[in-house]
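> After the structure tokens below, expect a handful of questions from me.
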Amino acid sequence: MELSDRYNPKDVEEKTYLWWENNGYFSSEDVSTKPPFSIILPPPNVTGALHLGHALDHTIQDVLIRWKRMSGFNTMWLPGTDHAGIATQSVVERELKKEGKTRKELGREEFVKRVWQWKEQYGGRIVSQMKRLGDSCDWKREVFTLDEGVSKAVRKVFVNLYEKNLIYKGTRLINWSPALESAISDLEVEYKEIKGSLYHIRYDFEDGSGHVIIATTRPETLLADSAVAVHPEDERYEKFLGKKLVLPILGRKIPLITDAHVDKEFGTGALKVTPAHDFNDYEIGKRHSLEMVNILNKDGTLNENAGPFAGLKTQEARKQIVTELEQSGLLIKIEPHVHQVGHCSRTGCVAEPFLSEQWFVKTAPLAETAKRVVESGTIVFEPESWTKTYLHWMSIIQDWCISRQLWWGHRIPAWYCEDCQQVIVAEKDPTECTKCKSKKLKQDDDVLDTWFSSGLWPFSTMGWPEETETLKTFYPTNVLVTGHDIIFFWVARMIMSGLEFKKDVPFRTVYIHGLVRDAQGKKMSKSSGNSEDPLEIIEEMGADALRFTLMAQIASGRDLKFSKQRLEGYRNFMNKIWNAARFSLAALENFEAPQDAENAVPNKANLSDADQWIVHKLGICEKTVDEALQSYRFSDAANAVYTFIWHEFCDWYLEFIKPVIYGAEGEEKTATQLVLAQVLNRSMRLLHPFAPFITEEIYQKLPIKKEACVIDSYPTIKGDKKWLEMGSETVAQELDVVREVITAIRNIRGENRIKPGVSIQARLAPADDRVQKVLGNNRSFIQTLAKVGELKISADGDLSKCAVTPVRAGDMSVDVIVPLEGLVDFDEEIKRLTKTIEKLSKDIASLSGRLNNESFVKNAPEEVVEEGKANLKEMQGQLKALEESKSRLS
């Protein structure tokens, strides 16, 4: 039953995880009498390594799964990885570059083989990292987005949408990566702040009647201008409407048009319109049927439409165009200008808005039902504030570009007949043209956007299009846990796909968490040098400390500040639990667990006040944790367990029971041992979802236990009804007074810097006879734990040159008075208090000023303002106490 002297996570975590896996504790059943509870793991990229964002995301899911598993549910947490088209292709292309080869030299078939080889070699890395964190997934169900079953589902969905005219091939403006020579999604465009220039250029009217001046950060795009637009109510340009302007350099004639999109207050109120190279201009171009002039090749160089600049890279073309504009007197001025420029997140090159023929999903018809299920509450966002964001996005949804010019991914199931140009879209590879019967068929070279297969994840992973038992049991899933950055890219698409193909929502609740930031609230990144590697943390501090740090801080939808200091604090919590368990097991050495030990209760007459107190506190903890987890308030649940174990069980109960444990054998000791064993057992079960490794290790050494903590029941006030009747609210309140008195005496000792070894006197002034009696009954506890020599319990006495602390617990109150004569240098203490009061007063004035500043309150985040108000209230309380202390010493 012994535990080692120190808790070393390395000795415990790997062997415990293997033991759980080998015993099948994470398995779910397709057919079961238990109620189902399922979560689909957002599939991490197969190229990925676990980062803190993953650690948060996965820990939330694991807490839910472990809690529900222990609560009697048939839990399925379905894991998988994403083929991550661009990311994986880029990694393998870099490997080839080291060998002096290129993808094109290798050819498509050989290259795809190489990517599969890479996946087989390295694809399991992220899975092993997930296991290090403690993810209790049903690994026998693991899926990869290019698995045969998923690929079958992807093809069926593509063909079905194509046949309904919801997938089409067309030319539209999309995000383009010249380095990849592929379309990319909005999520793969990273905006960086660039110190650039704003070029003011003159466009002359064809008839010589005047000119307009436009400002642009990209003068090279003027080669693709189709018009200049002004606001319809801008009187400055009324007389010029209908006239043509001469495009600088190329001399092309373009119209002056009016459009409400133009901001007449910005600059000159004139906007150059480049429909083929700007998303806003593209919309203007469509409204006015403007010519779409594309000046870019796929590699980002300028094409034949750029006239004399054809073949140049954009930066080189820009220099030459600026020189030419200067020489012709059309460049009015250049100003420094800081602006946001989109870059391809995979290659770092500038992402170009590019007019290109691609495959698209017509999303508007699919979005309507996807909006309704959220409006009706069939799907609930937690926190609710994200509902508005989701509905807004769905109301302005654009057609979705689903094709990528890559080789790694789901190849588009479309074939072209080389003889009659017929397009054949089919689930199975066709052998001949459906129109002319020609055998000369060529498959589309493009692959599907990774998000296309990810959008089917909740049902493609469960065997769809077959109607499997898995689907019948676990679809729709219960909850999706994800970050707010992919609500539109992934969450919305899963909802649309689920409703279209399963005629039901894919999940009932969407839990949105914030980002993990550093201790100062800055975004973590390798380039900033402030990112933390979760695997290094696990190696150094253990998975449980990391998990608990994340769970104790997470607030619904808000970003989380991650600090090493907090992490160390929760590592210390794990050590505290370990040491408390070691003490408890030593105290239970000769304890014999009764039959049906889980439900065994002692004779209440044999229970000490401390026993009744801890059982009552346990009931409060169970109730708080259950309510918090039901409402996705993870930090409230984690902190309730933390407070109970550290501040009630370890700090007080174990101290209260030492006289009994070290005393003679008897019915009271046997009763206390049973309470200790039961409370320790329940503490481990309550903590298990948050800190699974240490709790399982301790649980296996307990005198009262079942097969494994991971599958034991989760403690609730309903399940523990009989056991919790052993507690007493009245006794708990009485002992709370005793506890607060001891704490107050300890604080007085600390505040006045009285050494621990120095014996002090104390007087307790109770408010009434009941409190007097409680204090009298617990006199020895108070003297021992507060290290008090002489203790008087009386309302009468002098307060001068004394420290006084009022104590309250429920409706019971008492003043704690400690004479300081002979223990404290009063002159020095008054000086110290004066200095502290002055500093605190300045801090209060500064914080009050900020909180009274309307601008600050209006612009600061709500949580910052609330935190400020709470701090102010606390500081004002401290000031009052300090001033009272000073007046007593004076």
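> As a test question: what accessible area, to the nearest 10 Å², does residue 54 have when a 1.4 Å probe is rolled over all protein chains in place?
40 Å²
> In terms of Cα to Cα distance under 16 Å, which lysines are near enough to residue 564, apart from those fewer than 8 places away along the same chain?
List returned: 522, 523.
> Accessible area of region 300-378 with a 1.4 Å probe: how many percent of it is carbon plus sulfur?
Looking at region 300-378 in its full context, I get 49 percent from C and S.
> Amide H to amide H, which residues 5 or more places from residue 557 or on other chains are under 5 Å from it, using H placed in the peptide plane?
When sequence neighbours closer than 5 places are left aside, the close amide H contacts are 514.
> Label region 471-597 by shape, choosing from rounded, prolate and oblate, from the square roots a ≥ b ≥ c of the eigenvalues of the Cα gyration tensor; if a/c is under 1.5 it is rounded, and otherwise prolate applies when a/b is larger than b/c, oblate when it is not. Don't jump to the answer; show the numbers that get you there.
Working: a/c = 3.58, a/b = 1.37, b/c = 2.62.
Verdict is oblate for region 471-597.
> For residue 438 and residue 396, what is the calculated FRET efficiency with R₀ set at 45 Å and r taken between the beta-carbons, to the nearest 0.05?
Here the calculated transfer efficiency is 0.55.
> Which of the three applies to region 315-442, rounded, prolate or oblate, going by the alpha-carbon gyration tensor with a ≥ b ≥ c and a/c under 1.5 meaning rounded?
Because a/c hits 1.5 or more and a/b fails to exceed b/c, region 315-442 counts as oblate.
> Here are some pairs, 623/858; 623/773; 192/319; which of them have Cα atoms lying more than 26 Å apart in this structure?
On the way: 623/858 37 Å; 623/773 31 Å; 192/319 22 Å.
Violating the 26 Å limit, Cα to Cα: 623/858; 623/773.
> Given region 808-890 reduced to its alpha-carbon atoms as identical point scatterers, what log10 I(q)/I(0) does the Debye formula return at q = 0.12, 0.13, 0.16 Å⁻¹?
-0.54, -0.61, -0.78
> For residue 349 and residue 871, what is the calculated FRET efficiency with R₀ set at 41 Å and r taken between the beta-carbons, to the nearest 0.05?
Result of the calculation: an efficiency of 0.30.
> Quote to one decimal, in nm, the extra length available between residue 22 and residue 297 on full extension: 0.36 nm per residue of separation minus the C-alpha distance between them.
93.4 nm
> Sticking with this structure for a sec: Tell me, what HN-Hα J-couplings in whole Hz come from the Karplus equation 6.51 cos²θ - 1.76 cosθ + 1.60 at θ = phi - 60° for each residue of region 240-245, using x for Gly and Pro?
9, 4, x, 7, 9, 10
> Let me ask something additional. Could you name the lysines in cross-link range of residue 152, using Cα to Cα under 16 Å and dropping any fewer than eight places away on the same chain?
428, 502
> I've got another one for you. Would you tally the net charge around residue 863, using a Cβ to Cβ cut-off of less than 12 Å, leaving residue 863 out, and scoring K and R as +1, D and E as -1?
Surrounding charge for residue 863 is -1.
> Please report the projected area of region 223-271's Cα convex hull averaged over all directions, in nm². Before the final figure, lay out each step's value.
Details: hull surface 13.8 nm².
Over all viewing directions, region 223-271 projects a mean Cα-hull area of 3.4 nm².
> Still on this structure: Count the net charge of all other residues whose Cβ sits under 15 Å from the Cβ of residue 808, scoring Lys and Arg as +1 and Asp and Glu as -1.
-4
> Suppose every Lys and Arg Cβ carries +1 and every Asp and Glu Cβ carries -1, with no other charges. What dipole size does the chain come out with about its Cα centre, to the nearest 20 debye?
Approximately 920 debye in magnitude.
> Let me ask something else. Among all the aspartates and glutamates, which ones have a C-alpha under 16 Å from residue 362's C-alpha, if same-chain residues fewer than 8 places away are not counted?
163, 399, 449, 500
> Convert each backbone phi in region 349-359 into a coupling constant with the Karplus relation 6.51 cos²θ - 1.76 cosθ + 1.60 (shift: θ = phi - 60°), then list the ³J(HN,Hα) values in order as whole Hz, x for Gly and Pro.
6, 5, 7, 9, x, 9, 7, 8, 7, 9, 8
> Along region 701-709, what does the Karplus equation 6.51 cos²θ - 1.76 cosθ + 1.60 (θ = phi - 60°) give for ³J(HN,Hα), rounded to whole Hz, x for Gly and Pro?
Values, residue by residue: 9, 6, x, 10, 6, 10, 5, 7, 4 Hz.
> Let me ask something else about it. What's the FRET efficiency of residue 590 with residue 761 using the Cβ-Cβ distance as r and R₀ = 51 Å, to the nearest 0.05? The partial results should precede the final answer.
Working: r = 40 Å, r/R0 = 0.78.
Calculated value: 0.80.
> Could I ask something else about it? Would you mind computing the Rg to Rh ratio of region 555-709 from its alpha-carbon coordinates, Kirkwood style for Rh?
0.99
> Another question about this same structure. For residue 167, which sequence-distant residues (separation of 5 or more, or a different chain) have an amide H within less than 5 Å of its own amide H, given hydrogens modelled in the peptide plane?
162, 362
> Would you calculate the volume per residue, in Å³, of the smallest convex hull containing every Cα atom of region 174-267?
Residue-normalised Cα hull volume stands at 144 Å³.
> A further question on this structure: Within 10 Å, Cβ to Cβ, of residue 555, how many net charges do the neighbouring residues add up to if Lys/Arg are +1 and Asp/Glu are -1? Spell out each step's value before the answer.
On the way: positive: 558, 633; negative: 559, 636, 863.
So the surrounding residues net to -1.
> Still on this model: No other cysteine beta carbon under 4.7 Å away is the test; run it over the chain and list who passes.
Unpaired cysteines in the chain: 137, 344, 349, 401, 621, 650, 709, 802.
> Between residue 721 and residue 10, what length comes free when the chain is fully extended (0.36 nm per residue of separation minus the Cα-Cα distance, one decimal in nm)?
252.2 nm
> About the Cα centre of region 54-142, what is the dipole size in debye to 20, counting +1 per Lys and Arg Cβ and -1 per Asp and Glu Cβ, all else neutral?
Charge dipole of region 54-142: 100 debye, to the nearest 20.
> Taking Cα atoms, how many degrees apart are the long axis of helix 543-553 and the longest axis of the chain, rounded to 10 and kept between 0 and 90?
The two axes meet at around 80 degrees.
> How far apart, in nanometres, would the label points at residue 99 and residue 239 be if each is projected 7 angstrom from Cα along the Cα-to-Cβ direction?
According to this spin-label approximation, the distance is 7.1 nm.
> A further question follows. Once the convex hull of the C-alpha atoms of region 685-732 is built, how many Å³ does it hold per residue, rounded to a whole number?
So the per-residue Cα hull volume is 109 Å³.
> Sticking with this one: Using Cα centres only, tell me the gap between region 814-890 and region 502-554 in whole Å.
Region 814-890 and region 502-554 have Cα centres spaced 35 Å from each other.
> With N denoting the number of residues in region 665-783, provide Rg(C-alpha) divided by 2.2 N^0.38 Å, to two decimal places. Kindly include the intermediate steps, with their values, before the conclusion.
Working: Rg = 19.3 Å, N = 119, 2.2 N^0.38 = 13.5 Å.
In units of the 2.2 N^0.38 Å rule of thumb, it is 1.43.
> Give me the percent of DSSP beta bridges within the chain that run antiparallel, rounded to the nearest 5.
Once the DSSP bridges in the chain are tallied, antiparallel ones form about 70 percent.
> Continuing with this model, one more query. Quick one: which residues, 5+ away or cross-chain, put their amide H under 5 Å from the amide H of residue 337? H built at 1.01 Å from N.
196, 197, 198
> Let me ask something additional. Using only C-alpha atoms and all pairs of different ones, pull out the Kirkwood radius for region 147-220 in Å with one decimal.
Details: mean 1/r = 0.0563 Å⁻¹.
Evaluated over region 147-220, this radius sits at 17.8 Å.
> Another question about this same structure. Quick one: Debye curve from the C-alpha atoms of region 6-75, no solvent, what's log10 I(q)/I(0) at q = 0.20, 0.23 Å⁻¹?
Computed log10 I(q)/I(0) values: -1.08, -1.19.
> May I ask you to compute the full-extension gain from residue 332 to residue 193, defined as 0.36 nm times their residue separation minus their alpha-carbon distance, rounded to one decimal in nm?
Working: separation 139, 0.36 × 139 = 50.04 nm, distance 2.50 nm.
Length gained, residue 332 through residue 193: 47.5 nm.
> Only sites in a loop by DSSP and with at most 15 other Cβ atoms within 10 Å count here; which chymotrypsin sites (Phe, Trp or Tyr not before Pro) in region 634-663 make the cut?
662
> How big is the C-alpha Rg of region 834-882 next to the rule-of-thumb value 2.2 N^0.38 Å, as a ratio? Don't skip to the answer; put the middle values down first.
Working: Rg = 11.7 Å, N = 49, 2.2 N^0.38 = 9.7 Å.
Rg over 2.2 N^0.38 Å, computed on Cα atoms: 1.21.
> State, to one decimal in nm², a quarter of the convex hull surface area for the C-alpha atoms of the chain, i.e. the direction-averaged projected area. It would help to have the intermediate numbers written out before the result.
Working: hull surface 191.9 nm².
With every direction weighted equally, the projected area is 48.0 nm².
> Among 68/721; 119/442; 34/706; 68/706; 442/503; 755/792, which pairs are too far apart, with a Cα-Cα distance over 23 Å? Show your work: numbers first, answer last.
Numbers: 68/721 20 Å; 119/442 28 Å; 34/706 19 Å; 68/706 18 Å; 442/503 34 Å; 755/792 21 Å.
Among 68/721; 119/442; 34/706; 68/706; 442/503; 755/792, the Cα-Cα distance tops 23 Å for 119/442; 442/503.
> Charges at C-beta only: +1 for Lys and Arg, -1 for Asp and Glu. How large is the resulting dipole of region 180-287 about its Cα centre, in Debye rounded to 20?
Roughly 460 debye for region 180-287.
> Counting other Cβ atoms within 10 Å, which trypsin sites (Lys or Arg not before Pro) in region 351-459 have at most 14 and lie in a DSSP loop?
428, 435, 437, 439, 440
> At q = 0.09, 0.13, 0.19 Å⁻¹, what base-10 log of I(q)/I(0) does the Debye formula yield for region 1-142 when every alpha carbon is treated as an equal point scatterer in vacuo?
Listed by q, the Debye log ratios stand at -0.39, -0.71, -1.10.
> Can you find, among 572, 123, 645, the residue farthest towards the positive end of the dipole of the chain? Put +1 on the C-beta of Lys and Arg, -1 on that of Asp and Glu.
Value: 123.
The values are calculated or read from the model by the stated rules, or taken from the named source; none is laboratory data. The structure displayed is predicted, hence computed values, not measured ones. Methodologically, a virtual Cβ is constructed for each residue, glycine included, from the backbone with ideal geometry; neighbour enumeration extends over all protein chains shown. Accessible surface areas use protein heavy atoms only, side chains included; no ligands, DNA or RNA. Shrake-Rupley method; radii C 1.70, N 1.55, O 1.52, S 1.80 Å.
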